[in-house]
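The values are calculated or read from the model by the stated rules, or taken from the named source; none is laboratory data. Just so it is clear, the model here is predicted, and its values are computed rather than measured. Methodologically, a virtual Cβ is constructed for each residue, glycine included, from the backbone with ideal geometry; neighbour enumeration extends over all protein chains shown. The protein model used for the area step is the full one, side chains on, heavy atoms only, and it has no ligands, DNA or RNA in it. Shrake-Rupley method; radii C 1.70, N 1.55, O 1.52, S 1.80 Å.
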Amino acid sequence: MRNLIHECLIEEFRPDLIKECTIAAVRLDDGVVLAKNRDRGYKSKMEVIHEIVDGVEVIYWRDIDTDWSEGMNEYGIGIVNSALWTGMDEKEGKEVLKKREKKHDKTEKSVASKDGQKIRHALTKKDMKTVVKSLIEFTGTKSKFGLRGQTFVSNGKDLYCVELTSKHTPTIKKLKSDIKVLVRTNHGIVNKSAGYTQGEKMKSSHTRLNLAKKHLKDAKTPMDVINKLKEKYKDDPFLNPYRTKNMYNMQTTGQIMMDLDKKEIVIRMDNEMGDLVGIKNKLPKDYTPKLKVKIEDEKTHKKGKKLPS
């Protein structure tokens, strides 16, 4: 495995040669911006945690029902992930709703994701090679694999795409410096049999990827990235990168954007499908943070109000 990681980390690729979330990486003048539209089958209850773990400052948003997490560390390394085991996403939504009904909405840690801790563990590493190695090799609790799905990892300069499933050898690709936009949704790129491979869900996955890739090429600023992922491009809500109510009950619950150069995260919750339940600052009282987080919702965004931080 060590040789595989070494060989893969020096390999570069062009995304056009390899042609329920949407993740994006956009190279701007100041570096790489990571962003994600997170889709779920239930109203997502999220919290933001700012803390020091193993001596490394980290910020991440966390789904309190499933323990899913994504974020950035003090070295400007950010991680976003999109599922290829999409059936589990749909099953997870039903389980969350069932648990909430049984436990009167007190569900923290009741439907635990096996992958949230893998991302948090990787964020405690200080360099790209060690982060990628952790994503592939660290299996966490009650899991046999590293972080499954398609994952973007960047330090603001270099960008890697990791594709990993339970049935395939993990692949690690480095984005060429002259490529501006990289997008992934819910179908395999290297492993064609992974994710959605037929029907309307496959169509949605391909359409969301193509729309995001097309419009993100015009992004000039980090906020352009998150805003363009929010736009409505198709009449059918299931086909847009930002999905609203549809017959498949898989909607965007919120967005995360990471400006890796400024070490700043912007989190935007959907008014109907997302709920930010709290911000936990666990930093020592005398500590000066290296990372910043700003929170907004659709109403805040539309009216241009000052963001809480």
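Filtering the range 156-170 to residues that are in contact with a strand residue (DSSP E or B) (Cβ under 8 Å, 6 or more places away or on another chain) and open to solvent by 30 Å² or more (accessible area, probe 1.4 Å) leaves LYS157, ASP158.
Checked against the criterion of being open to solvent by 20 Å² or more (accessible area, probe 1.4 Å) and touching a Cys at 6+ places or on another chain (Cβ under 9 Å), the candidates LYS144, LYS192, LYS173 yield just one match: LYS173.
Taking THR288 and the conditions (1) open to solvent by less than 80 Å² (accessible area, probe 1.4 Å); (2) at pLDDT 95 or above, which numbered condition does it fall short on, given that it satisfies the others? Status for THR288: all satisfied but (1). The criterion of at least 1 residues that are closer than 26 Å to HIS50 by Cα is met, among strands (runs of 3 or more DSSP E) falling completely within the range 152-270, by 159-164, 251-259, 264-269. Identify all residues within the range 271-285 that are assigned to a loop (DSSP other than H, G, I, E, B) and either at pLDDT below 95 or surrounded by 13 or more Cβ atoms within 10 Å (Cβ to Cβ) (or both); write none if there are none. If the condition is that a residue be assigned to a loop (DSSP other than H, G, I, E, B) and either at pLDDT below 95 or surrounded by 13 or more Cβ atoms within 10 Å (Cβ to Cβ) (or both), then ASN271, GLU272, MET273, LEU283, LYS285 are the ones that fit.
Contact map, the range 190-210: residues that are within 21 Å of LYS167 (Cα to Cα) paired with residues that are small (Gly, Ala, Ser) and part of a helix (DSSP H, G or I), Cβ distance under 7 Å, separation 6+ or inter-chain. Pairs shown: GLY195/SER205; TYR196/SER205. Checking each residue in the range 201-220 for being in contact with a helix residue (DSSP H, G or I) (Cβ under 9 Å, 6 or more places away or on another chain), modelled with pLDDT of 95 or more and either open to solvent by 40 Å² or more (accessible area, probe 1.4 Å) or more than 23 Å from MET257 (Cβ to Cβ) (or both) picks out LYS203, LYS213, HIS215, ASP218. Taking (1) surrounded by 23 or more Cβ atoms within 10 Å (Cβ to Cβ); (2) under 30 Å from LYS292 (Cβ atoms) in turn, LYS228 satisfies each apart from (1). Restricted to the range 27-54, and to residues there that are among the basic types (Lys, Arg) and open to solvent by less than 20 Å² (accessible area, probe 1.4 Å), the residue that is nearest to LYS263 (Cα to Cα) is LYS36. Within the range 55-81, residues that are open to solvent by less than 10 Å² (accessible area, probe 1.4 Å) have Cβ atoms under 6 Å from residues that are among the small types (Gly, Ala, Ser) and part of a loop (DSSP other than H, G, I, E, B) in these pairs: THR66/SER113; GLY76/GLY156, counting only partners at least 6 apart in sequence or on another chain.
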